[in-house]
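S.K.: Quick one: the structure is below, questions incoming.
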Amino acid sequence: MTDTLKLGLEWFLNPDHLPFLIGQEKGWFGARDLEVELVEPTEHLDAFEAIQSGELDLAITEPIHLVEDVAKGHDVVGFARILHTNGGVMTLVSSGIERPRDMAGKRIQYPGAPGPGGIAIVSTMIEADGGDPGALVPVNNGFHHTDALIEDKADVATLAFYNFEVVEAEHRGHPARLFALKDWGIPDYCQLILITTPARLKEKESAIRRLLKVVVRGMDFIHQHPDEAREIYFRRTKTEPDDALMSAIFRATVPCFTFDLTMSEAYWTHLSSWAASRGLISAPVAATACWRNDLAVDP
């Protein structure tokens, strides 16, 4: 009997999701009695609500969102990491912002503005660089970080990924500078993880373990056969073969897939403590409430 898994993407279909596309194209999911449906959100998806309602079985998200969900009392857990890129706050070289303390009092682009997320990131960086954040100005241009900077709607943008926004800015003729989270006092949550509810994980554990085996095989394929992997991606997304920007993003994304699906208890403790210290959550949450490694170690 074939098991169906509905997987919610954190954003539109892009190279970050390539292992799943390869698993579909090569028939590897089917060979393990799986049917995997990739669900693109029409807007930023509340993954927990969608899993609870049965709309999804699993979702891709970033670690900070998992910590926030757990802190709200939501019964959700992460179990596998699939991608780790470099990311943080991006600005254009033309802005004259050369180090984090130069961001004091500047306009900050982030999708959750005027919520606390972007302010927390930029304030931490400025303080780590010996500065005073001053009155930071939140700007919400959706997920269009690069547009916000080029169109002078904002001075800096967060959370930017090197393999996407920085590459995009450079391609559009605007050299960019990236202040990475890990370099300026913030736990590095520029990673993509898989989450579900404990109940759904118990119900679907066999299918999820089979899914992870295919994902790891897909990562192997990407590294060993990058040209064929690129052909699969461009064909599935109907991207023109000579699209220079997507080609550059694709090349930058390939090294980001990680064979180590695990994450440490110390990491989750650090992220939770930072989030609480910046008012993103009311109090730290236990690492064990956020994450389990057993499927990642032996899918």
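S.K.: At q = 0.11 Å⁻¹, what is the base-10 log of I(q)/I(0) for the range 87-183 according to the Debye formula with one equal point scatterer per Cα and no solvent? Please give it to two decimals.
M.R.: -0.25
S.K.: Under 5 Å between amide hydrogens, which residues at least 5 positions from ASN141 or on another chain qualify, with H placed 1.01 Å from N in the peptide plane?
M.R.: TYR110
S.K.: I've got another one for you. Once the Cα atoms of helix 244-253 and of the chain are each reduced to a long axis, what angle between those two axes, in degrees from 0 to 90 to the nearest 10, is obtained?
M.R.: That helix lies at roughly 80 degrees to the long axis.
S.K.: Taking 1 over the mean of 1/r across every pair of different Cα atoms in the range 32-154, what Kirkwood radius in Å do you get?
M.R.: Values: mean 1/r = 0.0591 Å⁻¹.
This gives a value of 16.9 Å.
S.K.: Further question: How big is the C-alpha Rg of the range 193-299 next to the rule-of-thumb value 2.2 N^0.38 Å, as a ratio?
M.R.: Output field value: 1.38.
S.K.: Testing the spin-label approximation: label points 7 Å from Cα along Cα→Cβ at SER273 and GLU231. State their distance in nm.
M.R.: 5.1 nm
S.K.: Arrange the following residues from fewest to most other Cβ atoms within 10 Å of their Cβ: LYS26, LYS238. The partial results should precede the final answer.
M.R.: Numbers: LYS26 16, LYS238 6.
The most exposed by this proxy come first: LYS238, LYS26.
S.K.: Return THR158, THR146 ranked ascending by Cβ neighbour count within 10 Å, so the fewest neighbours appear first. Before the final figure, lay out the partial values.
M.R.: Details: THR158 28, THR146 25.
If I rank by nearby Cβ atoms, fewest first, I get THR146, THR158.
S.K.: Another question about this same structure. Most exposed first by the Cβ proxy, i.e. fewest other Cβ within 10 Å, how do HIS65, HIS145, HIS225 rank? Intermediate results must be reported in sequence, preceding the final value.
M.R.: Working: HIS65 21, HIS145 27, HIS225 13.
Listed from fewest to most nearby Cβ atoms, that is HIS225, HIS65, HIS145.
S.K.: Here is a further query. How much of the pair distance distribution for the range 239-299 lies past 17 Å, counting alpha-carbon pairs only, in percent? All intermediate terms of the calculation are to be shown ahead of the outcome.
M.R.: On the way: 1111 of 1830 pairs.
I get 61 percent for the Cα pairs in the range 239-299 exceeding 17 Å.
S.K.: In addition: What do the square roots of 5 times the Cα gyration tensor eigenvalues come to for the chain, in whole Å, largest first, as semi-axes of the equivalent ellipsoid?
M.R.: Values: eigenvalues 203, 118, 47 Å².
Computed over the chain, the values are 32, 24, 15 Å.
S.K.: Give me the Kirkwood hydrodynamic radius of the range 140-222, using the inverse of the mean 1/r over all pairs of distinct Cα atoms, in Å to one decimal. It would help to have the intermediate numbers written out before the result.
M.R.: Details: mean 1/r = 0.0626 Å⁻¹.
It works out to 16.0 Å.
S.K.: Specify whether the C-alpha gyration tensor of the range 126-276 places it in the rounded, prolate or oblate class, a ≥ b ≥ c being the square roots of the eigenvalues: rounded for a/c under 1.5, otherwise prolate if a/b is larger than b/c and oblate if not. Don't skip to the answer; put the middle values down first.
M.R.: Details: a/c = 2.20, a/b = 1.18, b/c = 1.87.
Because a/c hits 1.5 or more and a/b fails to exceed b/c, the range 126-276 counts as oblate.
All of the numbers you see were taken from the coordinates with simple rules; none came from a lab. Remember, it's a predicted structure, so these values are computed and weren't measured experimentally. Because the Cβ atoms are built from the backbone with ideal geometry, glycine has one as well, and the counts that use them run over all protein chains shown.
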